[in-house]
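First up is the structure itself, then whatever we jot down about it.
The values are calculated or read from the model by the stated rules, or taken from the named source; none is laboratory data. It should be emphasised that the depicted structure is a prediction, and the values quoted were computed from it without experimental measurement. A quick note on method: Cβ atoms are made from the backbone with ideal geometry, for glycine too, and the neighbour counts reach across all protein chains shown.
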Amino acid sequence: MCAQTISHIKTVFSFVGENSAMKSFIECMDKQYKLGKKEAITKGLGLGMLQIATFCSYSLTIYIGALAVTRRSCDVTPADIFICNFRYLSNAAPDLQTSCAVASAFLRFAPLLVRNGPERRRRRSSEMRRRNIRGNAHIDPSIYS
């Protein structure tokens, strides 16, 4: 009988302890929720301000470049403006260093694209198709290690 009474007391005490633990957990979660909302607002505003500054300066660069080209106040092509913008972005963000490399590679190949325009490429590719037709095919064996 004494053991049953102690067992009942332990059961009631565990329920009371569980309720107080639940209350303290709920209070802590409410505090965390409020802190999380404040942190999310701060992060969102910071990221938004950064993106606004980036895109506004980028659009200003495009606008000034477009004015310079349309008024013919300088001998700049749209490709030069494109390259200039990518260089600007690559200096602004370290992850875009490859874009700068692509832009400089494009600058090297731009004269080839102008010299070999679409009409000349079409004509040359059809001539090459006729010259390179052969009737034999050779299949090399595959070696797997």
Could you figure out which of (1) β-branched (Val, Ile, Thr); (2) modelled with pLDDT under 75; (3) surrounded by 10 or more Cβ atoms within 10 Å (Cβ to Cβ) isn't true of residue 133? (3)
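Condition check ((1) in contact with an Asp or Glu (Cβ under 7 Å, 6 or more places away or on another chain); (2) closer than 26 Å to residue 104 by Cβ; (3) outside the structural domain of residue 108 (by TED's automatic domain parsing)) across all residues:
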{"residue": "30", "(1), (2), (3)": "no, no, yes"}
{"residue": "34", "(1), (2), (3)": "no, no, yes"}
{"residue": "38", "(1), (2), (3)": "no, no, yes"}
{"residue": "45", "(1), (2), (3)": "no, no, yes"}
{"residue": "49", "(1), (2), (3)": "no, no, yes"}
{"residue": "57", "(1), (2), (3)": "no, yes, yes"}
{"residue": "62", "(1), (2), (3)": "no, yes, yes"}
{"residue": "67", "(1), (2), (3)": "no, yes, yes"}
{"residue": "81", "(1), (2), (3)": "no, yes, no"}
